[in-house]
Each structure stands twice: as C-alpha cells, then as structure tokens.
Amino acid sequence: MIVSELYIYPIKSCQGIKLERAKVMPKGFFGDREMMLVTKSGKFITQRQYPRLAKVRVKIDNEKIVLSVEDETIPPFSFTPTLTENEVIVEMWGEQIEASDQGDAVAQWFHRALELEASKECRLVRQSLHHIRPVEPKHFTGKEQVSLADSYPYLLTTTASLKELNQRIVEIHQQQKQAVPMNRFRPNIVLSTAEPFIEDSWKLIQIGEVKFAVIKPCSRCIITTIDQERGEKHSLKEPLRTLGSFRQFSEQGVMFGEYMIPCNTGIVQIGDRLKILEVRGK
C-alpha cells in the first residue's frame with residue numbers, strides 16, 4: 001500500500017492542488033485550507049450553498065494566489081494573502097474564529113465567479129496565525145489543532161474503497177458513467193490499496209516520516225454529489241445514495257474515508273509506503 005495522490009485546498013471548497021510531496025504540519029498540510037469565504041455577517045460559505053465554488057481553480061505562484069474559472073467573461077485574478085490587516089471574527093459550525101479579511105478586490109471577483117445577486121456579499125478571509133482551532137473535544141488533549149477544515153487536519157481515502165463503491169453504483173444504475181472520481185471526497189492523502197475499507201481497522205499508521213493517529217470515519221455530506229469540475233449536483237444523488245445502502249453507521253452518518261491527526265511533523269510524498277502500527281480493538 002503506497003501513497004498515490006496528495007492534495008491541498010488553499011481555499012475551502014474551491015478546487016484542490018495535486019502535489020508530489022507535502023509538508024505535514026500540526027493543523028494540516030502546509031497551505032491547506034488557510035482561507036475560506038464568508039457571508040457579510042461572517043458565516044462560512046461552502047459548496048453546500050454554492051456548488052459553483054467547485055469550478056474555482058486555485059494556483060500558487062510564489063507568494064501569490066491565482067484564481068480562475070472556465071468563463072471568458074471572468075478573467076483570472078491574483079492576490080497576495082495577508083495576515084495582519086483587517087482582522088475579523090467569523091463563524092464556522094458555531095465556532096468563533098479569528099481571521100484576516102483579504103480585501104475588496106478578491107471579494108468582488110468571487111461575487112462574479114459565484115454569480116451572486118447584487119444584494120448578497122461575500123468576503124475571503126484567512127485564518128489568523130495566533131488563532132488555534134482545536135479538533136473536536138472528544139479527541140482534544142491540549143495540543144491537537146486544525147486549519148479551516150471541518151473537523152480534523154487530515155483526510156485519508158483509499159483506491160480499493162472507491163472501486164468497491166463505484167462497482168455498486170454501476171450495478172444499481174447499469175451505467176458506467178455514473179461512477180464517481182476520488183475528487184468528490186476531497187481527500188488530502190490517497191492510498192493505493194487492494195482490500196476495500198481496510199482503513200476502517202487502522203488506529204495508528206506511518207507514512208513516510210510521519211505517524212498518524214487514525215481517529216474515526218468521515219461522515220459524508222451533499223458536497224460528494226457535486227461534480228468538482230462543472231459545479232453541478234448529481235441528478236441521482238450519487239455517491240450518497242449508494243453509500244447509504246452499505247456504509248450507514250447509525251447516527252454517525254454515511255461514511256467514506258478516515259480522519260487523522262499527525263503525531264509528528266515531516267514530509268510525505270507520492271510512492272511512500274504505508275506501515276500499520278496499531279489496529280483498532282487490539
């Protein structure tokens with residue numbers, strides 16, 4: 001079992017960036033989910049409300065961020081993220097977060113890209129360096145933290161689990177085109193595996209230089225039904241519909257992938273082999 005794909009998502013809910021190697025930090029890969037969009041009142045915005053966010057491409061060019069969409073009427077836009085100016089308090093899942101507003105120009109670009117009504121306003125913010133977001137209380141011992149990701153700093157998925165899911169989707173709909181790609185699940189680390197959902201059994205693993213505590217399965221939401229290139233929802237609500245038929249775990253939800261917390265910092269890269277150090281229940 002080896003690492004086959006690595007991703008960061010500099011702006012929450014926008015397109016990810018595929019990497020060959022990534023720097024593991026306590027709150028996530030370096031550069032992962034440092035920024036997000038919020039409403040005028042400061043509440044966070046994702047593809048759940050605006051599926052078109054999936055169409056926004058993000059490129060890192062030295063210290064600049066370059067944004068673009070497949071629309072000739074909206075030219076690419078570049079900006080340099082700031083940390084010290086225009087500090088604001090924003091809200092995500094009921095939590096108050098300190099952040100820096102990134103200015104009017106980038107906010108206006110997103111307003112056009114999302115085709116927002118004139119009465120609606122969005123702002124792009126960046127998590128403040130001195131603001132520490134703890135992970136969920138159940139797994140917080142005083143040091144575990146996360147960026148602007150929903151719950152935990154790392155999300156791992158595996159190729160065998162996606163293959164099993166897609167086989168079931170195709171059987172249900174009798175159409176190969178209904179299969180979904182891995183980007184629907186927005187992982188940080190993808191492992192090439194042979195046994196589906198073997199990751200359910202892992203408790204402590206090592207990838208490259210880094211040990212990860214495998215915390216719990218990830219409960220999936222409506223974002224998995226959004227085409228990450230076109231920004232459109234799947235008419236048959238896949239893959240949630242099929243996942244719900246065999247990956248529904250009581251009140252926890254429909255599961256795919258595993259949340260992880262790093263035990264140390266270091267580098268992971270494509271081709272790194274997985275070491276299973278401890279399994280659940282032992």
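Within region 65-93, being open to solvent by less than 40 Å² (accessible area, probe 1.4 Å) and of a type in the set (Gly, Ala, Ser) holds for one residue alone: Ser68.
Being open to solvent by 60 Å² or more (accessible area, probe 1.4 Å), in contact with a Lys or Arg (Cβ under 7 Å, 6 or more places away or on another chain) and not in a loop (DSSP other than H, G, I, E, B) is the filter here, so list the residues in region 261-276 that pass it. Gln269 - this is the single residue of region 261-276 that is open to solvent by 60 Å² or more (accessible area, probe 1.4 Å), in contact with a Lys or Arg (Cβ under 7 Å, 6 or more places away or on another chain) and not in a loop (DSSP other than H, G, I, E, B). Pro187 - would you say it is part of a loop (DSSP other than H, G, I, E, B) and over 20 Å from the mean Cα position of the chain (by Cα)? When the stated conditions are applied, Pro187 does not pass them. If only residues of region 12-30 that are within 25 Å of Trp93 (Cα to Cα) and out of contact with any Phe, Trp or Tyr (no Cβ under 9 Å at 6 or more places or on another chain) are counted, the one that is most open to solvent (accessible area, probe 1.4 Å) is Phe30.
Determine, yes or no, whether Gln96 is polar (S, T, N, Q), part of a loop (DSSP other than H, G, I, E, B) and modelled with pLDDT of 95 or more. Judged against the criteria, Gln96 is not a match. Looking only at residues in region 241-260 that are open to solvent by 40 Å² or more (accessible area, probe 1.4 Å) and not in a strand (DSSP E or B), the one that is modelled with the lowest pLDDT is Ser250. Checking Ile226, Ile222 one by one, the residue that is in contact with a strand residue (DSSP E or B) (Cβ under 8 Å, 6 or more places away or on another chain) and either surrounded by fewer than 18 Cβ atoms within 10 Å (Cβ to Cβ) or among the hydroxyl-bearing types (Ser, Thr, Tyr) (or both) is Ile222 and no other.
Beta carbons closer than 8 Å, at least 6 apart along the sequence or on distinct chains, pair a first residue in region 164-178 that is open to solvent by 30 Å² or more (accessible area, probe 1.4 Å) with a second that is part of a helix (DSSP H, G or I) and among the basic types (Lys, Arg) for Ile172/Arg241. A Cβ distance below 7 Å, combined with a sequence gap of six or more or placement on separate chains, defines the contacts here; from region 182-202, residues that are at pLDDT 95 or above and buried (at least 18 other Cβ atoms within 10 Å of the Cβ) reach residues that are hydrophobic (A, V, I, L, M, F, W, C) and assigned to a helix (DSSP H, G or I) in the pairs Met182/Leu162; Val190/Met182; Thr193/Ala160. Would you call Ser4 open to solvent by less than 50 Å² (accessible area, probe 1.4 Å), among the small types (Gly, Ala, Ser), in contact (Cβ under 8 Å) with a residue 40 or more places away in the chain and part of a strand (DSSP E or B)? So Ser4 passes the test.
Every condition in (1) under 21 Å from the mean Cα position of the chain (by Cα); (2) assigned to a helix (DSSP H, G or I) is met by Ile172 except one, and the failing one is (1).
The residue that is farthest from the chain's Cα centre (by Cα), among those in region 94-122 that are more than 22 Å from Arg48 (Cβ to Cβ), open to solvent by 80 Å² or more (accessible area, probe 1.4 Å) and not acidic (Asp, Glu), is Ala118. What number of residues within region 31-43 satisfy the criterion of being open to solvent by 30 Å² or more (accessible area, probe 1.4 Å) and in a strand (DSSP E or B)? The qualifying residues number 2. Apart from one condition, Glu232 fits all of (1) in contact with a Ser or Thr (Cβ under 9 Å, 6 or more places away or on another chain); (2) farther than 25 Å from Leu274 by Cα; (3) not aliphatic (A, V, I, L, M); the exception is (1).
Do we find that Ala105 is part of a helix (DSSP H, G or I), of a type in the set (Gly, Ala, Ser) and out of contact with any Lys or Arg (no Cβ under 9 Å at 6 or more places or on another chain) in this structure? So Ala105 passes the test.
The values are calculated or read from the model by the stated rules, or taken from the named source; none is laboratory data. Computed from a predicted structure; not experimentally measured. We place every Cβ from the backbone using ideal geometry, glycine too, and count neighbours over all the protein chains shown. We work out accessible area using only protein heavy atoms, side chains counted, and drop any ligands, DNA or RNA first. Shrake-Rupley method; radii C 1.70, N 1.55, O 1.52, S 1.80 Å.
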